[in-house]
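Working notes, structure below.
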Amino acid sequence: MMPSRLPLILVAASTVLLGACSTMPGASMPASTYSQASLPAAVQVPAGHKVAMETVAMGELTYECRDKVGMAGVTEWFFAGPKATLADRAGKQVGTYYGPPATWEARDGSKVSGTQVAVAPSGAGNIPFQLVKANPAMGSGAMMGVSYIQRVALKGGAAPATGCTAETKGARVVVPYQGDYIFWKAV
């Protein structure tokens, strides 16, 4: 082998090795490519915010059969609370979602709750898209500075269509669901 080709071969080999390392688990992920352009306007995060964290929730929503507010003798399924794990895009658990009140907690102990701003339909059998304005975070960590939380990419979780009657008041039903929670911070 000629000595003048050796540096070129070393550069090529280094490039291949670095490329392979960037796809290994634990390697830093590329910048988010999340776009909210296809979402209804009501649940889009206002300008001046950027994605801080993308998570996938897998869990369950509990509904309880109760009297409808202000309508004596009429019953409905009432949302009683969530219970889900939050994973990053690589599938590693990064937190939990529970309530009431609705609380997103990172593994580092920081957590945030919020106030619903808007919802929009997301398809039959699915809970709706949602936009939440975050309250100030408790604890320091991943949830510090979160300003909005968006619920998107939903599968399941809707309340049952039947089964809530005066005779079944107090009954609880647990419904599985999956969805993405996108956490936003001010720029």
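Miscellaneous remarks
- Size of charge dipole - the range 44-183 - debye, nearest 20, with Cβ of Lys, Arg +1 and Asp, Glu -1, no other charges: 160
- Under 16 Å from K68, Cα to Cα: lysines that are on another chain or at least 8 residues apart: K169
- Ordering V74, V173, V112 from the fewest to the most neighbouring beta carbons within 10 Å gives V74, V173, V112.
- The range 34-186 - Debye-derived log10 I(q)/I(0), Cα point model, q = 0.17 Å⁻¹: -0.98
- If the segment from K92 to E60 were pulled out straight at 0.36 nm per residue, it would be longer than the present Cα-Cα gap by 9.7 nm.
- Taking 7 Å steps out from each Cα toward its Cβ at M138 and T168 produces label points 3.4 nm apart.
- With both labels modelled 7 Å from their Cα along Cα-to-Cβ, the V117 to D67 distance reads 3.6 nm.
Here, each number is a calculation from the coordinates, and none is a lab measurement. Computed from a predicted model, the values in this text were never measured in an experiment. Here Cβ is always computed from backbone atoms with ideal geometry, including for glycine, and neighbour counts include all displayed protein chains.
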